[in-house]
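Coordinate-derived values only; no laboratory data. Please read all numbers here as calculations on a predicted model, not as lab measurements.
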Amino acid sequence: MNNQEIAEKLKEIGALLEQQGANPFRSNAYLRAANTVAQWPRPMAEIIEQHGFSGLTELPAIGEGIARSIFEYVVTGRMSRLESLKAGHDPIELFEQIPGIGPTLAHRLIEVLHLDTLEALEVAAHNGRLTQVPGFSSKKVELVQAWLSHVLGYRRSSSRPQEAIAEPSVALLLQIDFLYRKKAAAEELPKIAPKRFNPDKEAWLPIMHITRKDWHFTALFSNTPRAHQLKKTDDWVVIFFYDDQHHEGQHTIVTETKGSLLDKRVVRGREDECRKYYAG
């Protein structure tokens, strides 16, 4: 792949962010990065081969988040952030490319943790949630961490291999969830046409970009096979997030159907924190 091809992908992300009403700073950042890549005299693949991930972040207008997208595209031929914005990527196929994860484990990642991107999987692999999924032993988790480190370009200190990754608070995530569902119900959000489960290519899926407390959020209803099977496409809300230090991840918020949190909005994977939130 050449630099022009990578630049076109970055421009597409910038254009989608602009169309979907994201913070102009975010869309402009991708457009500036696209210009850098298109005009750079050396191929991005050559820079990665010789200098690794850090070689990308030394280029003008290339921050860590955009560098990870470039790194991932050079290594795997995919750009998860672009696929997520289009809401048409297949997380099963995405996770199956990881050594040791077949169709069964890929489905479990989605059904148990509601993961949809490599970035979200990376967060779960380092904060302990991945061990909640049957079939993920400590050894397999380590293999997943190593593969994601290679593909996403992360550079973690060897002395702190399990360093916790910053995430928005449960209270903030629930606020974003409430705001998204309120605006979606009032028809105040732009809509996109997901590729999956949308034979008529109808633009039906509301999407919201918003910045709160130094976190940048993208929220949309879940369009996974499981959500359609259980008729939860107007209940399950997927929230992608990242901050200015490029900590990023994803959570799904649902209406709980059992237990002490019955009928309450719950951040999957952070149920204990939700109990404390509602108790307080």
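List of remarks:
- Taking the range 52-104 and dividing mean pair separation by its residue count, relative contact order in percent (alpha carbons under 8 Å, at least six apart): 17 percent
- The range 3-86: relative contact order in percent, alpha carbon pairs under 8 Å with at least 6 residues between: 31 percent
- Mean Kyte hydropathy of 0.5 or more with a Cα span along the axis of at least 18 Å, helices from DSSP in the chain: 170-185
- Under the shape rule built on the C-alpha gyration tensor, where the axes satisfy a ≥ b ≥ c, the range 35-151 is prolate, since a/c reaches at least 1.5 and a/b is greater than b/c.
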